[in-house]
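Participant: Have a look at the structure that comes next, please.
Bear in mind these aren't lab numbers, they're just calculated from the coordinates by the rules spelled out. The structure displayed is predicted, hence computed values, not measured ones. Positions of Cβ are generated from backbone atoms using ideal geometry, with glycine treated the same way; all protein chains shown enter the neighbour counts.
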Amino acid sequence: MSLVAQNNVGQIIGQIVLYKTPITTPWGEQVELLLSPICVHPDYFRRGIARTMINEALSQAKRLGFGAVFLCGDSAIYRNLGFLSSYHYGIFHKNDQTKTADWSMVCELYPGALNGVSGTVDTI
């Protein structure tokens, strides 16, 4: 899924892309989404464009039947958008030897979407 933001004259000023990504579990793979990349033109920083694009992408992902969206990023930023470190759900980034990587994050699109799911993701 790819969404763009346009200014009032139709120029593209931002884009967000979500890809299917598997969670590898002991029972097989469960496909969810990965948010990567998101960009906003520097002339439009700090105007809520990225937040709006993320919220719209999450809403569309839920309408399409997905239960979660993963990303790698700064937990201080993405926590405010509903993301939580994925290890809280028992889902670990495949390169996270510590099993405590704050940067591997997930947003459940509805409560309980990840109940009973555990395993690894590769979000880089």
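Participant: Give, as a single signed number, the net charge of other residues whose beta carbon lies under 11 Å from the beta carbon of residue 78, with Lys and Arg counted +1 and Asp and Glu -1. Display every interim value, and only then the final one.
Facilitator: On the way: positive: 51, 79; negative: 74, 102.
With Lys, Arg at +1 and Asp, Glu at -1, the neighbours total 0.
Participant: What ranking do 93, 41, 88 get, fewest neighbouring Cβ atoms within 10 angstrom at the top?
Facilitator: Final ranking by Cβ density, sparse to dense: 88, 41, 93.
Participant: Using θ = phi - 60° and the Karplus form 6.51 cos²θ - 1.76 cosθ + 1.60, what ³J(HN,Hα) does each residue of the range 4-11 get, whole Hz, x for Gly and Pro?
Facilitator: So the J values, rounded to whole Hz, are 10, 10, 10, 7, 6, 10, x, 6.
Participant: Counting pairs of alpha carbon atoms under 8 Å apart in space and at least six apart in sequence, what relative contact order in percent does the range 2-121 give?
Facilitator: 25 percent
Participant: Using Cβ contacts closer than 10 Å as the measure, can you line up 46, 51 from fewest to most?
Facilitator: 46, 51
Participant: Follow-up question, since we're still on this one. Please work out the FRET efficiency for the pair residue 51 and residue 97, using the Cβ-Cβ distance as r and a Förster radius of 35 Å; give the result to the nearest 0.05.
Facilitator: With R0 = 35 Å, the Cβ-Cβ based efficiency is 0.60.
Participant: Next up: Among the trypsin sites (Lys or Arg not before Pro) in the range 55-100, which ones are in a DSSP loop with at most 13 other Cβ atoms within 10 Å of the Cβ? Mind listing them?
Facilitator: Taking the range 55-100 and a limit of 13 other Cβ atoms within 10 Å, the loop trypsin sites (Lys or Arg not before Pro) found are 94, 99.
Participant: Taking the beta-carbon count within 10 Å as an exposure proxy, list 106, 4 from fewest neighbours to most. Walk me through the intermediate numbers first.
Facilitator: Details: 106 30, 4 12.
Lowest to highest Cβ neighbour count: 4, 106.
Participant: Quick one: angle between helix 49-63 and the longest Cα principal axis of the chain, in degrees between 0 and 90, rounded to 10, please.
Facilitator: Tilt of helix 49-63: around 50 degrees.
Participant: Could you compute the longest span of the chain free of chymotrypsin sites (Phe, Trp or Tyr not before Pro) located in DSSP loops and having at most 15 other Cβ atoms within 10 Å, not counting the site residues? Spell out each step's value before the answer.
Facilitator: On the way: sites that count: 27, 45.
The answer is 46-124.
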